[in-house]
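Quick notes on the structure that follows.
All of the numbers you see were taken from the coordinates with simple rules; none came from a lab. Remember, predicted model here, so these are calculated numbers, not experimental data. With ideal geometry, Cβ positions are generated from the backbone for all residues, glycine too; neighbour counts draw on all protein chains shown.
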Number of protein chains: 2
Amino acid sequence: MADRPILTVCTSCRAGHDLAEGQTPPGRLLHDALAEALATQPEPPVELRGAACMAACARGCTAAIAAPGKWTYLLGELDREMAGDLLTYASAYAAHATGALLPSRRPESLRRAVIARLPDFTLPKDPAA
Amino acid sequence: MADRPILTVCTSCRAGHDLAEGQTPPGRLLHDALAEALATQPEPPVELRGAACMAACARGCTAAIAAPGKWTYLLGELDREMAGDLLTYASAYAAHATGALLPSRRPESLRRAVIARLPDFTLPKDPAA
């Protein structure tokens with residue numbers, strides 16, 4: 001895994017709606033808005049990835065951020081207008097020791113976006129948990 | 001990471017309810033039911049872990065299963081009565097190449113349990129996604 005956190009966006013997400021023929025899925029639009037914003041940064045805070053269907057359709061658009069040794073956070077109810085806030089959040093996540101940012105440390109649009117968090121499965125078992 | 005999948009249960013989960021003083025959280029009961037069932041198996045199909053708050057409170061109890069190179073699946077609305085079904089599912093996940101089991105291949109109680117799935121972040125980026 002790279003040192004930078006990895007931000008994975010569900011590129012097939014329709015955010016609970018049917019798509020008209022030829023319409024780009026909102027998840028792809030979110031991914032591409034993030035890619036565009038990252039392309040302007042000399043030191044992008046995250047590596048952007050896409051995934052086809054993260055199976056969180058009821059709460060799409062969806063993205064997950066992960067880094068070695070940190071909690072993985074799964075976020076939902078995202079849209080392309082939140083790309084800037086997502087990158088602000090990603091920078092704070094990158095700078096945080098465990099990734100467990102308090103809601104008050106997230107941009108306003110993301111305060112209720114957390115669907116779940118998962119421990120880093122590559123770490124040894126914590127016998128106290 | 002071990003070769004066996006890792007099944008992580010949110011041990012602090014109250015499944016959306018208040019706890020009476022001294023009451024054991026339902027997430028801990030689920031974890032312990034799984035531990036008890038696994039202890040009877042000569043070759044447990046998974047390594048069981050606990051995590052304190054996986055932040056999916058609205059859909060608790062919650063668990064996640066992960067293995068190197070496979071999709072991580074996050075499951076919700078679980079309870080201790082589903083421990084046997086969870087281990088049946090875990091065995092099928094362990095035997096599956098990608099972990100992406102069709103709902104029809106999961107025990108009935110788990111067909112609607114998937115909250116989300118996440119790619120293995122430790123893999124190299126898939127440029128096609």
Open item on the list: Name the residue that is surrounded by the fewest Cβ atoms within 10 Å (Cβ to Cβ), counting only residues in the stretch A:66-82 that are within 21 Å of B:Asp120 (Cβ to Cβ) and more than 9 Å from chain B (Cβ to nearest Cβ).
Closed with: A:Gly69
Task: Residue match in the stretch B:83-93 (condition: more than 9 Å from chain A (Cβ to nearest Cβ), polar (S, T, N, Q) and in a loop (DSSP other than H, G, I, E, B)) - done: no
TODO: For the stretch B:38-52, state whether one or more residues are part of a helix (DSSP H, G or I) and among the charged types (D, E, K, R).
DONE: no
- [ ] Please find, within the stretch B:104-126, the residue that is surrounded by the most Cβ atoms within 10 Å (Cβ to Cβ) out of those that are closer than 14 Å to A:Ile6 by Cα and free of Cβ contacts under 8 Å to residues at least 12 places away in the same chain.
- [x] B:Phe121
TODO: State the number of residues belonging to the stretch B:94-109 that are more than 13 Å from chain A (Cβ to nearest Cβ) and within 17 Å of B:Val46 (Cβ to Cβ).
DONE: 6
TODO: Just name the residue that is nearest to B:Leu75 (Cα to Cα) out of those in the stretch A:53-63 that are under 14 Å from the mean Cα position of the chain (by Cα) and outside any loop (DSSP other than H, G, I, E, B).
DONE: A:Arg59
Task: Criterion violated by A:Leu7 - all others in (1) over 28 Å from B:Met54 (Cβ atoms); (2) assigned to a strand (DSSP E or B); (3) not small (Gly, Ala, Ser) satisfied - done: (1)
Task: Tabulated pairs, the stretch B:48-70, first under 15 Å from B:Leu34 (Cβ atoms), second of a type in the set (Phe, Trp, Tyr) and in a strand (DSSP E or B), C-beta under 8 angstrom, 6+ apart or interchain - done: B:Ala64/B:Tyr73; B:Ile65/B:Tyr73
Task: Top-ranked residue of the stretch B:13-65 - restricted to ones that are acidic (Asp, Glu) and over 16 Å from A:Asp120 (Cα atoms), ranked as surrounded by the fewest Cβ atoms within 10 Å (Cβ to Cβ) - done: B:Glu21
- [ ] For the stretch B:64-82, name all the residues that are in contact with a helix residue (DSSP H, G or I) (Cβ under 9 Å, 6 or more places away or on another chain) and either assigned to a helix (DSSP H, G or I) or farther than 17 Å from B:Thr8 by Cβ (or both).
- [x] B:Arg80, B:Glu81, B:Met82
